[in-house]
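Quick notes on the structure that follows.
The values are calculated or read from the model by the stated rules, or taken from the named source; none is laboratory data. Quantities reported herein were computed from a predicted structural model and do not represent experimental measurements. Here the Cβ positions follow ideal geometry from the backbone for every residue, glycine too, while neighbour counts run over all protein chains shown.
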Amino acid sequence: MASINQNAYSSALPNFRNLGILLRILLIVNVIAIGAAAVKGATLHGIWRELLDISAVVQPLLLLSVLALVALNDLLKRLPYSLGAVVVIALELGLTTLLHVFGRPLLGVEMASLERYWVLALIVTMTLLFYFDLRGRALSPALAEARLQALQARIRPHFLFNSINAVLSLIRQEPRRAERALEDMADLFRVLMADNRELTPLAREVELCREYLSLEELRLGDRLRVEWHIDKMPGDAFIPPLVLQPLLENAVYHGIEPRTAPGVISIDLYLAREQVHAVLRNPYQRDGNHHAGNKMALANIRERLQLHFDAEASLTTKVGDDAYQVHIIMPYVKAGK
C-alpha cells in the first residue's frame, strides 16, 4: 500500500461550479470590501458611503468573475495547479481592465487608476487561491489521510477470521461457492488497500457492497437479511469511494451481530432533483456499546463528502426506537464532469 507521504495532499483549484465554493467566494470578497470601507470611513455614515462606492466597482467585477470561472471550470480543472492559478490571475486582471475601460461611462462612478485596481484584484485573487489551497490541506492533512487509510484498510479481525473459517467449511461441500467467496475477499481487500481519493462509479460501489455482504452472510446466515432498492439508482453517478461499504459494516456490527433474531439491512439508492440519495437502515439497540466507533466512521465520511462536494453534499442520521438510519445526499456527478 502506498505510504501516507505518497498520499499527501496535492494542490488543486476548487470546483468553481460548486455552490459552496461560489458562496465562499462571494462571502470572502464582500468581507474584504467591508473591511476596506471600514478602514477608509471615519464614521458609520462614512463607512456606508465608502462601501457603496466600493460595491459599485466590486459587485460588477465579482459577477463577471464568477460567470467566467463557471464557464472555464472544465478547462481549469485539466490544467496543472500552478498554470491554472496563473490563468485565474490573468483572467481577473483582464476583467479588471475591461471594467475600468468600459465600466466608467456605464457605471457612472469615479474610478482610481488602473494600476491600483490591478493591485487590488491581484491581492484579492491570491487571497482566495491561498484560502482554498489552505482549506484543501486542512481537510486532507497527513493525519487525516492516515486516519482515512486506517478506516479503509482495517477489517475487524473477527470478520476476517470468521470469513476465512466460513470459506474453509465450504471448500469440500461447495467448492464453487468457496471460490467465489475468496474472489470477493480479494476484490474487497484490493479496493480497501488502494489510494481511494478519486470519485468512483456508484455501480462499482454497489458491487463492492454486495461482495462484502455476501461474505458476512457466510458467517451470519439467516440472521442477516438485505433489502436492495436500486430500481431508481443512477449507476453512472460518481461518488467518493468507500462511502457505503463502511456504513454497511457498521450496520452489520451494530445492528445485526448483537441480535439473536434475524435483522434486516435496507439500502435505498435513488436520483431526485439531480441529487443522488443513499438511505441505509439497520436494527438499533440503544444499549449498544459500539456507538463511538460508529460516530468515528460517520465523521470520516462527512469529511470526504465535504472535500469532494462542499456544501452540496450532506450526511444525516436518524435514530428510532428500533432502527438506525443514515441518509446521504450528493450532487449527480457523471464521468468527465
**Item:** Checklist (1) within 30 Å of HIS277 (Cβ to Cβ); (2) in a helix (DSSP H, G or I); (3) at pLDDT 55 or above applied to GLN152, failing item
**Value:** (3)
**Pairs, first farther than 16 Å from THR127 by Cα in the stretch 30-42, second surrounded by 14 or more Cβ atoms within 10 Å (Cβ to Cβ), C-beta under 6 Å, six or more apart** = ALA37/ILE47; ALA37/GLU50; ALA37/LEU51; ALA37/ILE54; ALA38/ILE47; LYS40/GLU50; GLY41/ILE47; GLY41/GLU50
**Message:** I'm trying to understand the selection: among the residues of the stretch 276-288, which are surrounded by fewer than 20 Cβ atoms within 10 Å (Cβ to Cβ) and at pLDDT 95 or above?
**Reply:** HIS277, VAL279
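Rundown of residues vs (1) closer than 28 Å to GLU312 by Cβ; (2) part of a helix (DSSP H, G or I), yes/no style:
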{"residue": "ASN15", "(1), (2)": "yes, no"}
{"residue": "ARG24", "(1), (2)": "yes, yes"}
{"residue": "GLY46", "(1), (2)": "no, yes"}
{"residue": "LEU52", "(1), (2)": "no, yes"}
{"residue": "VAL57", "(1), (2)": "no, yes"}
{"residue": "LEU62", "(1), (2)": "yes, yes"}
**Message:** Please go through (1) farther than 23 Å from ASP310 by Cβ; (2) surrounded by 12 or more Cβ atoms within 10 Å (Cβ to Cβ) for VAL101 and return the number of the only condition it doesn't satisfy.
**Reply:** (2)
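Every residue, every condition in (1) within 16 Å of PRO283 (Cα to Cα); (2) at pLDDT below 90; (3) in a helix (DSSP H, G or I); (4) among the hydrophobic types (A, V, I, L, M, F, W, C), yes or no:
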| site | (1), (2), (3), (4) |
| --- | --- |
| ARG225 | yes, no, no, no |
| TRP228 | yes, no, no, yes |
| MET233 | no, no, no, yes |
| VAL252 | yes, yes, yes, yes |
| PRO258 | yes, yes, no, no |
**Message:** Exactly one condition in (1) among the acidic types (Asp, Glu); (2) more than 26 Å from ARG190 (Cα to Cα); (3) outside any helix (DSSP H, G or I) is false for ASP310; which is it?
**Reply:** (3)
**Item:** Given (1) at pLDDT 75 or above; (2) outside any helix (DSSP H, G or I); (3) more than 22 Å from TYR324 (Cα to Cα), number of the condition ALA181 does not satisfy
**Value:** (2)
